[in-house]
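What follows is one structure encoded as structure tokens, with my remarks underneath.
The values are calculated or read from the model by the stated rules, or taken from the named source; none is laboratory data. Just so it is clear, the structure is predicted and the values come from calculations on it, not from any experiment. Here Cβ is always computed from backbone atoms with ideal geometry, including for glycine, and neighbour counts include all displayed protein chains.
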Amino acid sequence: MKAPERYYDFQKDISGCGIFGVINRKRGLIPGDMPIQAMTCMHDRGNGLGGGFAAYGIYPEHAEKYCFHMMCDDDAAIKGSEEMIKKYFDLHFYEPIPTRRTLAIPTPPKFNRYFVTVPEKPENEFRELPEEDYVVAVVMKINTAVAGAFVVSSGKNMGAFKGVGFPEDIADFFRLEEYSAYIWTGHNRFPTNTPGWWGGAHPFTILNWSIVHNGEISSYGINRRYLCEHDYLCTMMTDTEVVAYELDMLIRKHGLSWEMAAKVFAPPFWDEIERMDAEDRELYTTLRATYGPAMLNGPFAILVADNNRLMGLNDRIKLRPLLVAEKDDMIFMSSEESAVRDVCPELDRVWMPKAGEPVIVDLED
Amino acid sequence: MAAKRKQKTLTAGRTYYRQFNEEIRALVEDGVTDFVIRECNGQRYLATALDGDFNFDIYGVPGQDLGAFMRGPHVRVHNNAQDGVGNTMDAGRIVIEGLAGDVIGYAMRGGDIFIKGDVGYRVGIHMKAYLEHQPRIVVGGKAGDFLGEYMAGGIILLLGMFSDKPDAPVAGRSLGTGMHGGVIYVRGAVPEDQLGPGLTATPVDSDDLKVIEGLVNEYAKELKLDSKAILSENFVKIRPFSHRPYGNLYVPC
């Protein structure tokens, strides 16, 4: 077959995903406009098939309750998920998540949020689980048992807002400029080999954990099977979901530090381990042997947050960009410097972290 | 007789990169040769594929693939640059007064890229040379992993001096992996484990020093640095250990 005339002369969208995160170390509240503008600057890293944000500190009046952001395809899914929430939790307050009609988002699912606590003496099949495991179990149950209903986030004083569209459209839809948070992460999606659907947009969350990711987790299959053995069920049809559940398992359940969890995701090479002193050699050998199926293979730049921290991490050969910048109490992490400069032109320091070395920023209190 | 110069100052702001590049192309058609770009904010592909004697003075942070495929322009960034600077460029010079990101000079086949600060990963990957077309990259700071990976020609000079990372080695791991042409010069020494498989760092000879001196003088002049201070240290060179390893793969010679 002959190539078409001027086959080389075409308009092509060249993209990757885009990520942005910001934390105010003193819990100063950052208006939504900042992450929205930063993501808008990186518009061309996505293709309109996914955008989303995670925000921490947005529900101070319900800070002690788990907030379930529910995404439902239809009224039956709302009814089914509400029944489930009422069955497993004490429900204190619920409301539709405020949205506005926008031209860019023609047929959105329905969004509600539920502020809940775990009953003192639950009478159901999860009654013997510790509180947070109980919440995780309910999330898994809703995601797998209620058709068309998905838990978008389930943490305290935080929430995820995501969907199909460019991030600025998703922000417009969810009226995110009305929120202020001390940690924000944002994502612009260019789906590579998984569908561009509402649940597949980033961030991925469980409890207080959230993650946004540029790249692809080629080890998704083995990670997913490994998580399945530990009662985490993947239902979002997108590779990055495994990272949220692995964080919960490694850090909350197994008690690993964030640094060690980062080393599970992006372990040192064997030749580096050989050059370490005896103690580190044993540690990293054990870590690789124990958590081989949790290692993330493939390119990634990820931003991970919970209520007290923001972490940036690259895969160990740095196949995706990640930049860190500081200005007074604020730390930015971004795919591109221009996105940071757009929202904060003067910066104290800008650098690109080493592959596989986490950059962890804590709140000061 | 020198060609007539015509200058134009543009403010990029939040202008979409396609529109902005179209504006630049239209001005080039109108005979503008020297551009000053203010408030640059991530616009991609600036100066891409321009052929001829142009000047770009860029303030702010330009976007990906600055100067890709260009042949001739002189581009100066008065700040940091992002990824893919000088992607497959043919000729000209890009000077970056701050740091730069990953894959700088990817498959570059001519011209110069001078960076004052640190650079990211895979800088100079697939660089190549042919006859008088000898691409050159000088990095004033430190480099990430895979510097000069699959390098087939040209020169990379790594100084390690103007770095934000005092504790880091001068270059990351796998330096020169798969290299089969060209040369990487490093100021000071390179830890042996940073080198790619089969490679060794050897002292430079007087011919190398001449090349280094010439390059450092040009670099120091562009960035207003003291070339004597740069040249006050020893240099080592990394050369490929094989030449055209796949030369017989399809058509045996």
Against the definition (assigned to a loop (DSSP other than H, G, I, E, B), in the same structural domain as A:His187 (by the TED database) and over 23 Å from A:Ala149 (Cβ atoms)), how does A:Ile222 come out, yes or no? no
Take the residues in region A:304-330 that are within 28 Å of A:Tyr59 (Cβ to Cβ), assigned to a loop (DSSP other than H, G, I, E, B) and among the charged types (D, E, K, R), then tell me which one is farthest from the other protein chains (Cβ to nearest Cβ). A:Asp329
Report, ordered by the first and then the second residue, all pairs with beta carbons closer than 7 Å, sequence separation of six or more or different chains, a first member in region A:332-353 that is at the interface with chain B (Cβ under 9 Å from one of its Cβ atoms) and within 16 Å of A:Leu313 (Cα to Cα), and a second member that is at pLDDT below 95 and in a loop (DSSP other than H, G, I, E, B). A:Trp351/B:Asp164
Residues that are under 16 Å from A:Tyr59 (Cβ atoms) and modelled with pLDDT of 95 or more: does region A:208-224 have at least one? yes
Scan region B:113-126 and report the pairs whose first residue is facing chain A (nearest Cβ under 8 Å) and whose second residue is surrounded by fewer than 24 Cβ atoms within 10 Å (Cβ to Cβ) and at pLDDT below 95, with Cβ atoms within less than 6 Å and a gap of 6+ or a chain change. B:Asp118/B:Asp164
For region B:206-222, how many residues are in contact with an Asp or Glu (Cβ under 8 Å, 6 or more places away or on another chain) and either among the hydroxyl-bearing types (Ser, Thr, Tyr) or outside any helix (DSSP H, G or I) (or both)? 0
Is it fair to say B:Val85 is away from chain A (no Cβ under 12 Å), without any contact (Cβ under 8 Å) to a residue 40 or more places away in the chain and surrounded by 24 or more Cβ atoms within 10 Å (Cβ to Cβ)? yes
Does B:Arg76 satisfy the condition of being more than 12 Å from chain A (Cβ to nearest Cβ), surrounded by 24 or more Cβ atoms within 10 Å (Cβ to Cβ) and over 21 Å from A:Leu323 (Cβ atoms)? no
Hey, does region B:42-56 have a residue that's farther than 23 Å from A:Gly16 by Cβ, more than 12 Å from chain A (Cβ to nearest Cβ), surrounded by fewer than 24 Cβ atoms within 10 Å (Cβ to Cβ) and acidic (Asp, Glu)? yes
Output the number of the condition that B:Asp118 fails; it satisfies all remaining conditions of (1) more than 21 Å from B:Leu215 (Cα to Cα); (2) crowded, with 24+ Cβ neighbours inside 10 Å. (1)
Conditions (1) acidic (Asp, Glu); (2) closer than 13 Å to B:Ile125 by Cβ; (3) at pLDDT below 95 -> B:Asp145 fails only (3)
In region A:49-66, the residues that are under 16 Å from A:Arg175 (Cα atoms), among the aliphatic types (A, V, I, L, M) and assigned to a loop (DSSP other than H, G, I, E, B): A:Ile58
